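The values are calculated or read from the model by the stated rules, or taken from the named source; none is laboratory data. None of the values given here were measured: they were computed from a predicted structure. Counting neighbours? That spans all protein chains shown, and the Cβs are built from the backbone with ideal geometry, glycine included.
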Amino acid sequence: MKDCEQISLLLGPFEDGELEPHEMQEVARHLATCKPCEEMLGDYASIGRELRDIITIPPLTGFAAGVNARIAARRIPLRERIGEFFESLNQRWAAAFAMVSMAGAVAVVTALVLTPYLRHGVTGLQNAPMAKVESPTAPSLASTTTDESSHALVSSDEEPQQMASSPNMNPGDSHAVIRRLESEIPTTAVWSEPENGTTVIWLPEQ
Amino acid sequence: MAVTMAFAVAAAGRVWAGPSLASPQKIGVRVDSVLASDTHEGIDTQLTPMGPRLQSLFSYSTYHLVSHQERQTPMGTLLSFDLPGGRILHIEPHAIEGDMIAMELVLFQGERPVMTTDLKLRNHGVLIVGGPRYEQGMLIISIGADCRCPRTADMGARPITPHSPE
């Protein structure tokens with residue numbers, strides 16, 4: 001058990017309820033048997049009460065409004081105002097630029113997505129000559145892919161006359177009819193350029 | 001006498017029909033190997049007829065003719081072309097269908113076949129096989145085939161073939 005000297009150091013925090021539970025219990029047990037310490041605690045308590053009574057808290061009603069009014073009344077230097085103006089302008093321009101950039105990006109993506117379909121539609125209307133890729137009769141090592149800008153058609157039928165999946169496609173107008181294409185390169189592309197009567201097989205090396 | 005006349009007529013007929021049956025139709029095959037790269041050197045002057053075509057197909061800044069090979073072969077005979085970078089191209093024309101020449105192409109990288117295709121190419125048409133890397137660019141192989149074959153509008157017409165591949 002602690003003596004009075006040690007307990008006296010704990011009386012202030014005890015009064016304020018700042019001790020650990022086991023310390024609170026120890027101090028309380030000591031106070032029950034020690035008159036001087038109990039009196040000392042009484043003194044601490046009375047001093048605390050008197051100090052709280054002395055302090056007067058100023059009224060805070062209207063404080064925030066008063067601060068705002070003083071800030072508003074403060075004259076902002078010209079340099080600071082110009083800086084603020086340009087800063088707000090910058091923010092506006094940044095927002096506008098971001099909007100325009102986003103709109104441009106959307107337009108470009110839309111154009112990229114739609115162009116092949118439009119080109120295909122136009123060439124279909126003009127009965128343009130096309131390359132045809134017939135399905136392999138033997139198992140193919142690579143799937144034949146078609147380039148975005150191509151006019152190549154892939155059909156599963158072996159008969160050339162029935163192969164044309166496009167109704168506008170006349171086999172007699174084709175510059176090349178590919179019956180079978182086997183490649184170890186999986187991204188082999190086939191396309192035709194009707195303008196110069198050329199068919200291309202592209203084997204991009206991995 | 002009648003027998004002699006019959007033999008004479010038959011012999012004359014054989015002599016008249018002989019060249020077309022005995023010598024199969026020949027196909028001219030052209031193979032141009034072009035190096036396409038982005039070294040901004042323009043189009044090789046030797047590529048005058050082919051340059052604009054390549055420019056419209058691809059977006060390289062340099063086209064340089066590496067080799068030009070031109071041969072004739074009877075139908076059904078395999079032609080072998082040595083290409084840059086240790087590649088070999090086998091071409092075997094095997095039929096004429098209308099105004100199209102049916103052929104088989106095999107591209108080898110050394111001994112390994114990289115691509116095999118059966119196709120019909122229009123007479124005087126061009127097939128381009130591209131993509132393999134070569135030096136600082138890409139190799140573009142232009143393959144053209146020519147024959148003195150009659151143009152037939154109907155693709156379903158009976159093929160004029162000295163030997164039937166199918």
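Tabulated data
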| read-out | value |
| --- | --- |
| Any hit, the range B:99-118, residues being more than 13 Å from every other protein chain (Cβ to nearest Cβ), modelled with pLDDT of 90 or more and within 12 Å of the chain's Cα centre (by Cα) | no |
| Qualifying positions in the range A:184-206 - facing another protein chain (nearest Cβ under 9 Å), free of Cβ contacts under 8 Å to residues at least 24 places away in the same chain and surrounded by fewer than 18 Cβ atoms within 10 Å (Cβ to Cβ) | A:E195, A:N196, A:P204, A:E205 |
| Residues of the range B:68-121 satisfying the condition of being β-branched (V, I, T) and part of a strand (DSSP E or B) | B:T73, B:I88, B:I91, B:I96, B:I101, B:V106, B:V114, B:T116, B:T117 |
| Residues of the range B:86-105 classified as out of contact with any Ser or Thr (no Cβ under 9 Å at 6 or more places or on another chain) and surrounded by fewer than 17 Cβ atoms within 10 Å (Cβ to Cβ), total | 1 |
| Among (1) modelled with pLDDT under 85; (2) surrounded by 10 or more Cβ atoms within 10 Å (Cβ to Cβ); (3) among the β-branched types (V, I, T), the one test that A:V67 misses | (1) |
| Of all residues in the range A:161-178 being at the interface with chain B (Cβ under 8 Å from one of its Cβ atoms) and in contact with a helix residue (DSSP H, G or I) (Cβ under 8 Å, 6 or more places away or on another chain), the one that is modelled with the lowest pLDDT | A:Q161 |
| From the options A:S8, A:S46, residue that is surrounded by 11 or more Cβ atoms within 10 Å (Cβ to Cβ), part of a helix (DSSP H, G or I) and not basic (K, R) | A:S8 |
| Every residue from the range B:110-146 that is closer than 14 Å to B:F81 by Cβ and polar (S, T, N, Q) | B:S142 |
| Residue selected from the range B:123-147 under the condition at the interface with chain A (Cβ under 8 Å from one of its Cβ atoms) and over 10 Å from the mean Cα position of the chain (by Cα), by the criterion farthest from B:V31 (Cα to Cα) | B:R133 |
